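One structure below.
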Amino acid sequence: MKMKNAGFFVLPFLFNETTLDQMPEHLSVKIEPNSAPRSFTLLDCHDQSLRAKGRFLIQSDGMLQLLRSDGQSFIQHCEAKDQFAQDLPAGPVSSALKGFPVLRALIAVGQGEIQTNSLAILDDLQKTQVRGSVWSMSTDVGQVTVVGIEKLRGYERVFAKVCAVLAEKVAQGKRFEAVYQGLFPDMRPYHAKPDIHLGKNEPSIEVAADIIRTYLAVARQNEEGVIADTDTEFLHDYRVSLRKIRSVISLFKGVFSESQTVELKQLFSELMASTGRMRDLDVYLLEKDMYFKLIPPNLHAGLQAMFEQFQEERGQEFTRLKRRLRSAAYDKTMKDLNAVFDGPSQLEPGKNAQRGAYEYACALIWKRYRKVCKLARSISENTPDDLVHDLRIDCKKLRYLMEFFAPLFHAKDFKTIIKPLKRLQDNLGLFNDFSVQQAALLSFVSRYSTTQGRVDAQIGLAVGGLIAMMNQRQRAERDRVMSSFQQFDGPDIRHLFRSLFHQTEE
Amino acid sequence: MKIIACYSNKGGVGKTATSVNLAHAYAQAGKQVLLCDLDPQGASSFYFRVKPSKKLTEARFFEDVKRFTNAIRASDFEGLDVLPANLTFRDFDVFLSRMRNKRSRLKKALTSAGSDYDVIVLDCPPNFSTLSENIFKAADEIIVPVIPTTLSERTFDQLIRFFDENKLRKKKLRAFFSMVQLRKTLHHETMENMRTAYSKRFLQNSVPFAADIEKMGQHRAPVSTYAGRSPASAAYQALYDELENGVVSSK
């Protein structure tokens, strides 16, 4: 299907002789199968980014076929399974998938059967007046035909006629989504950040329960992918969800009783703790190339040895985590937690439990904002790094609060505020990352040194080089902190914060 | 954009078959091709099952570029369009001069999906008694099929003389032997003579006299689509290779 001058139709049934029987009499319809019907596997990332971007990718008989929402289709050879889009062998499909998330693997998300046909509308001289292709696809629960037709120069009238006939038969709904909805009506989309509906006067305890319940579900949706080790983003999303839950518990002060707050906080911290090391190792391994670029090639041997250790340790961590996620105890913990937040009965309300969401949000955010400003304004060139770390944590808490309550506020204003906050956070985040990495490198060396404190020379050299680089970068980030904050602390943003979260006293 | 004219000052030499099969070979090689059927009998249009455009026979045809470009028809082959022009001699001359003028509306309008055609093949009207100087000026290459007979030798002499007299670039002339029957001694001798006399004008490849080429009328399609393995199909392909890439097959 070359679709420059083209029509593209999704029909909610399988193509047959009667589909185009309303054509004028002197024209005939010729359909020729390109191959026998064969089974296909629908591929997408776990987050359905292909679907979201209007792509439909199937694999069958060692071929990859991609359909794009503009009607263009691509085909290439590819035997391999569970791949990343950027690792596909070079070809039309892989180039059409350029720019797709590098961290997400393509996985099988559905099965079906496909028959591709070529279509030609011929006149009385057997001259082709309209050319096209027909993909007839079916699954256990639905069927869809995708017809792409090409406008041939000089035969525009017949093209328009075919378009008109097909347009009357197209599936309801958004054009491209109809392919998915027709074939996989029950497929549940995955959202790492689902929309949560909040009411302005909703009691805070219900808001907390809504958010926690939602993210518990997100975390659970990632378990399988973590266990299968499909890509690193399953664990990442799993951790982010749990971290959000933990933040709700600790930031929504007084919503749950003190004892329940302590208990829940500990529970979620434990859940997270078992994943921390593996995530760190994932990040190192993902950034491997970056590390190699940081130091000269004559130090690479030690780095290679270090990454081999990381790889091995990651294997051990993975085995441990997999066992844990599969255990009955873990399953019970998660089910119990779900039951706790599913209805308010098991929740113990604290003194703020009944405060209306909007009023409570304003109070929390305003307080946290003031704290951030106070701390940030006190930071000068000579302030110890510890305070910068504190600022990072406070900014993070502010950001979480704002994101949790975002549905209650004006979206555009929020975007305006979040942009410079995000920039400040990126700065602080890098500052922290470089500092954490230096510590991690040091602890790596001490773990792999002999009892006399001796270190393998190559590893020592490489790690030394890296630490020096990390330290330089950390200093550079540190030098930017004050100016990043000043950008966040401009009069417009100050005014916005006040008008959004602190109107009462004005 | 390259303009290739299939021309012969003698009729019945396989000119239209050459236009059709060469145009198809260029399109198969990934080029955007427009085949202009300037033959009043519409022979190349016939081979592509394209119906002649009645509108274009009207006198005011050249005043209306849009009508002209609207007459272009996609063939059944990717990248190959056909213009069933059916022109009078006077119109044909105007057509050629405008084709070369970058600023003429005709030239600007002759595009495929917004960009210039890579190759325009002109299937020129056959039985011109006068030699058309415009063809020779407009075309980048002039493909001249020559049947190796005494009569053809004389016509070709005339053509060369015309070029000499008018100081035209003879380099453009790419003649080849057409409808060659190797069992005829006369064909052999003529070919030998002409290759000696006009060594630089003749392509190495020639096209045989073949039933498969005659069958184009029945199949209404280029030879390679219905007789892909035939010597005739190979001959046109070789002709294309030699024209386009200077490659002469070793057989």
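The values are calculated or read from the model by the stated rules, or taken from the named source; none is laboratory data. No experiment lies behind these values; they were computed from the predicted model shown. Cβ sites come from the backbone with ideal geometry, for glycine too, and all protein chains shown count toward neighbours.
Tell me the residue from A:F405, A:F485 that is surrounded by 19 or more Cβ atoms within 10 Å (Cβ to Cβ), closer than 30 Å to A:I212 by Cα and touching a helix residue (DSSP H, G or I) at 6+ places or on another chain (Cβ under 6 Å), please.
Going through A:F405, A:F485 in turn, just one is surrounded by 19 or more Cβ atoms within 10 Å (Cβ to Cβ), closer than 30 Å to A:I212 by Cα and touching a helix residue (DSSP H, G or I) at 6+ places or on another chain (Cβ under 6 Å): A:F405.
Give the stretch B:112-133 a look and list any residue that's of a type in the set (S, T, N, Q) and either part of a loop (DSSP other than H, G, I, E, B) or at pLDDT 75 or above (or both), or say none.
Residues satisfying the conditions are B:N127, B:S129, B:T130, B:S132.
Looking only at helices (runs of 4 or more DSSP H) that fall completely inside the stretch B:61-111, which ones have 3 or more residues that are modelled with pLDDT of 70 or more and within 14 Å of chain A (Cβ to nearest Cβ)?
The helices (runs of 4 or more DSSP H) meeting that bar are B:65-70.
For the stretch A:185-197, indicate whether the set of residues that are β-branched (V, I, T) and within 14 Å of chain B (Cβ to nearest Cβ) is non-empty.
no
Would you confirm, using the coordinates I've provided, whether B:M179 is in contact with a Lys or Arg (Cβ under 9 Å, 6 or more places away or on another chain) and not aromatic (F, W, Y)?
When the stated conditions are applied, B:M179 does not pass them.
State which residue is farthest from the chain's Cα centre (by Cα) when the search covers only the stretch A:270-291 and only residues that are crowded, with 17+ Cβ neighbours inside 10 Å and closer than 22 Å to A:D456 by Cβ.
Per the criteria, the residue is A:Y291.
As an exercise: evaluate A:E223 against (1) surrounded by fewer than 17 Cβ atoms within 10 Å (Cβ to Cβ); (2) acidic (D, E); (3) touching a residue at least 12 places away in the same chain (Cβ under 8 Å) and give the number of the one condition it does not meet.
(1)
Among the helices (runs of 4 or more DSSP H) contained in the stretch B:149-251, which hold 2 or more residues that are over 20 Å from the mean Cα position of the chain (by Cα), over 21 Å from B:A17 (Cβ atoms) and of a type in the set (S, T, N, Q)?
B:185-197
Cβ contacts < 8 Å: first residue under 20 Å from A:M334 (Cα atoms), restricted to the stretch A:269-287; second residue among the aromatic types (F, W, Y) and surrounded by 14 or more Cβ atoms within 10 Å (Cβ to Cβ), any location; separation 6+ or different chain. Result?
A:T275/A:Y238
Only residues that are closer than 25 Å to A:F8 by Cα, surrounded by 14 or more Cβ atoms within 10 Å (Cβ to Cβ) and out of contact with any helix residue (DSSP H, G or I) (no Cβ under 6 Å at 6 or more places or on another chain): list them for the stretch A:86-110, please.
If the condition is that a residue be closer than 25 Å to A:F8 by Cα, surrounded by 14 or more Cβ atoms within 10 Å (Cβ to Cβ) and out of contact with any helix residue (DSSP H, G or I) (no Cβ under 6 Å at 6 or more places or on another chain), then A:G91, A:P92, A:V93, A:S94, A:A96, A:V109, A:G110 are the ones that fit.
Please indicate, with yes or no, whether at least one residue in the stretch A:118-137 is more than 26 Å from A:S35 (Cβ to Cβ), out of contact with any Lys or Arg (no Cβ under 9 Å at 6 or more places or on another chain) and either exposed (fewer than 14 other Cβ atoms within 10 Å of the Cβ) or not small (G, A, S) (or both).
yes
For A:R392, are the conditions met, namely being assigned to a helix (DSSP H, G or I), farther than 23 Å from A:F292 by Cα, in contact with an Asp or Glu (Cβ under 8 Å, 6 or more places away or on another chain) and at pLDDT 90 or above?
The answer is no for A:R392.
Checking the condition among the basic types (K, R) and within 14 Å of another protein chain (Cβ to nearest Cβ), which residue from B:R183, B:R220 passes?
Result of the check over B:R183, B:R220: B:R220.
Taking the stretch A:311-361 as the search range and keeping residues that are under 27 Å from A:L281 (Cβ atoms) and of a type in the set (F, W, Y), which one is surrounded by the most Cβ atoms within 10 Å (Cβ to Cβ)?
My answer is A:F318.
Determine which member of the set A:L281, A:L299, A:L285, A:L267 is closer than 15 Å to A:M469 by Cα and in contact with a helix residue (DSSP H, G or I) (Cβ under 8 Å, 6 or more places away or on another chain).
A:L299
Quick test for you: out of B:L35, B:L22, B:L56, pick the one residue that is at pLDDT 85 or above, within 13 Å of chain A (Cβ to nearest Cβ) and outside any loop (DSSP other than H, G, I, E, B).
After ruling out the rest, the residue left standing is B:L35.
Kindly indicate the residue of the stretch A:122-147 that is more than 13 Å from every other protein chain (Cβ to nearest Cβ) and of a type in the set (S, T, N, Q) and also farthest from the chain's Cα centre (by Cα) among those meeting that condition.
So, considering only residues that are more than 13 Å from every other protein chain (Cβ to nearest Cβ) and of a type in the set (S, T, N, Q), the one farthest from the chain's Cα centre (by Cα) is A:S133.
For the list (1) farther than 20 Å from A:F341 by Cα; (2) among the aliphatic types (A, V, I, L, M); (3) more than 14 Å from every other protein chain (Cβ to nearest Cβ), I need the number of the one condition that A:V158 fails.
(3)
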